[in-house]
Amino acid sequence: EAVDRHPSAGRQALSALKRACRDQAPRMQIVAHAQLFELLNDFLSRSHTLAPLLYKTLIFSLIEHHQSEFVRQFVSNNMALLIRRHQDLPVGVIIEPLLRQLALHGYNNLDFDLFVLLARHSRLELRHVLQLLDLIHGLSLVDALHGRLASIPYLVLLDRFHEDPAVIEAVQQQSSAALAMFMELERQAPGGNANDVRKTLVLEMLA
């Protein structure tokens, strides 16, 4: 309400909160993010003109805090709650920067929880479906720790979009690549546990 009554002062307050998200103290970052998420939920419920700006600000913050596990977990959990609550959110704006961030800095369990929510979201577009399938398929074949976890959003996507010709083609290509990888591992000299784990991942993905 204060933002509506005094737009200039409201924007200054939002700018102060955004600066606090980069404060040296993690506790201050948490408080600032909590306030921004609370504001965004209110703005979205009222279709406020500042909602898109605030949404993009929090997406950028999720990407920016990849090195701080404590802060990133808080932002990621709140972003997940936001996505569950607002099925009209355009999720494409979070998928592309998130995929770039994962390519540069890696991923953890929180990212797969977010993948599942994105895979189920009503506004997920086909081009983002294909991007997610490609990323998740690649992870499932090489990551012994997260391979099985990656299969969950993959199956959600297939359950929703398995009749789309582009998805069918993508899955055929991915299955062929996985089979070729398995045959290559079979041809190689025995590689011990590492090779066995990779072959198991391939078989599970093909299944």
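The values are calculated or read from the model by the stated rules, or taken from the named source; none is laboratory data. Computed from a predicted structure; not experimentally measured. No Cβ is skipped: glycine too gets one built from the backbone with ideal geometry, and neighbour counts run over all protein chains shown. Heavy atoms of the whole protein, side chains included, go into the accessibility calculation; ligands, DNA and RNA do not. Shrake-Rupley method; radii C 1.70, N 1.55, O 1.52, S 1.80 Å.
Of note:
- Surface composition of the chain: carbon plus sulfur atoms contribute 55% of the solvent-accessible area (1.4 Å probe, protein chains only, all chains present).
- The charge dipole of region 53-207, taken about the Cα centre with unit charges on the Cβ atoms of Lys, Arg (+1) and Asp, Glu (-1), comes to about 320 debye, rounded to the nearest 20.
- Counting only alpha carbon atoms, the long axis of helix 51-64 and the longest principal axis of the chain meet at about 50°.
- Most mobile listed residue (His66, His48, His33) in the chain, GNM with C-alpha springs under 10 Å: His48
- Rel. contact order, % - alpha carbon contacts under 8 angstrom, at least six apart, region 62-207: 21 percent
- Comparing Ser76, Ser15, Ser175 in a Gaussian network model of the chain (Cα springs below 10 Å), the most mobile by mean-square fluctuation is Ser15.
- Selected from Gly147, Gly92, Gly106 as most flexible by GNM, with the chain as the system and alpha-carbon contacts under 10 Å: Gly106
- Dividing the mean sequence gap of close Cα pairs (under 8 Å, 6+ apart) by how many residues region 1-139 holds gives a relative contact order of 17 percent.
- Per residue, the solvent-accessible area of region 71-207 (1.4 Å probe, heavy atoms of protein chains only, all protein chains present) comes to 52 Å².
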